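All of the numbers you see were taken from the coordinates with simple rules; none came from a lab. Bear in mind the structure is a predicted one, so any value in this text is a computation, not a measurement. In this analysis, Cβ positions are derived from the backbone assuming ideal geometry, glycine residues included, and neighbour counts consider all displayed protein chains.
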């Protein structure tokens, strides 16, 4: 597609369950970012992938959060043993070279 | 490290009035600065960016922003508000081109446009 695609668009799950969020970046974009947006707040950086380099995981809030990326394509963000404070919109962005980041529409995660 | 402060979590203007959304940043080296807009249930859309060169930057939808190093500011303006401008606006900073580094965002300003 032309833009960054994220799925699912909405996810409701029970506390303690694991969830997996998916991001399809724009084709050819070497960099991929995950951000978290809590209600009424700005975006918090979670993790960044650049090509085949080791990812920058400095924003992950706990070891329950992890992410993978296959080459320069799809990425999945996994949250294990979800807690209510994990409820947020999770946004993915991709970019290439000197260009700004392009954002997907996000996954709205609700933990019951 | 860098940070961004957006003064005013909510701004309300009348249709046709001037829009001014404030953004101040701090960084140890010259920054790259961005404004993004977010409509309900959507991702972020880039309005404009400043990297180097001309300090007055023009973006989409009639918005512009001026980088003022002496004031560490990058305020967003639009001469005449339109109802469709109602959205949340985020200022963001990075120290290198955003192809290689994550953005640091302000907490956002929600713009209301009254008829």
Subject >> Taking the convex hull of Cα positions in the range B:40-115, its mean projected area over all directions (nm²) >> reply: 6.1 nm²
Original post:
Is there a simple number for the mean count of other chain Cβ atoms within 10 Å of the Cβ of residues in A:25-35, and what is it?
Top reply: 2
**OP:** Please give the average number of partner chain Cβ atoms lying within 10 Å of the Cβ of each residue in A:101-108, rounded to a whole number.
**Re:** 5
Subject >> Average other protein chain Cβ within 10 Å of Cβ, residues B:17-28 >> reply: 0
Subject >> Normalised contact order of chain B, rounded percent, pairs of Cα under 8 Å and 6 or more residues apart >> reply: 38 percent
